[in-house]
């Protein structure tokens, strides 16, 4: 967890330095519009949108893992109850079997 935070911080610093060094105003053509905007702002917006997308994908994965974990825990509980039931049944006195009958 700390390594991920440190890597994110280093990446943010690198993006900030890159954006500051490339702060020229550019023309952005998108569909039928033209915008004059700073390249640094484009870089920051792209980085933020990418971070939001990665966050949502990570959240989706985490929720999926939690759901699967819940299903597996329920199955473990069910199997544990089955094991306990079998132990209870095997604790009943067994009939003695004569070797002659076999």
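Listed values, structure above:
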| read-out | value |
| --- | --- |
| Positions within the stretch 29-46 being assigned to a helix (DSSP H, G or I) and touching a strand residue (DSSP E or B) at 6+ places or on another chain (Cβ under 6 Å), in sequence order | 39 |
| Selection from the stretch 15-28 of residues that are over 25 Å from the mean Cα position of the chain (by Cα) and either more than 16 Å from residue 47 (Cα to Cα) or not in a loop (DSSP other than H, G, I, E, B) (or both) | 16, 17, 18, 19, 20, 21, 24, 25, 26, 27, 28 |
| Options 52, 42, 48: the member that is within 16 Å of the chain's Cα centre (by Cα), within 30 Å of residue 23 (Cβ to Cβ) and at pLDDT 85 or above | 52 |
| Failed criterion for residue 95 (all others in (1) in a helix (DSSP H, G or I); (2) at pLDDT below 85; (3) more than 29 Å from the chain's Cα centre (by Cα) hold) | (1) |
| Breaking point among (1) modelled with pLDDT of 90 or more; (2) not in a helix (DSSP H, G or I), for residue 75 | (2) |
| Filter pass, residue 40 being touching a helix residue (DSSP H, G or I) at 6+ places or on another chain (Cβ under 8 Å) and either touching a residue at least 60 places away in the same chain (Cβ under 8 Å) or within 28 Å of residue 8 (Cα to Cα) (or both) | yes |
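The values are calculated or read from the model by the stated rules, or taken from the named source; none is laboratory data. Source: prediction; values computed, not measured. Cβ: placed from backbone, ideal geometry, glycine included. Neighbour counts: every protein chain shown.
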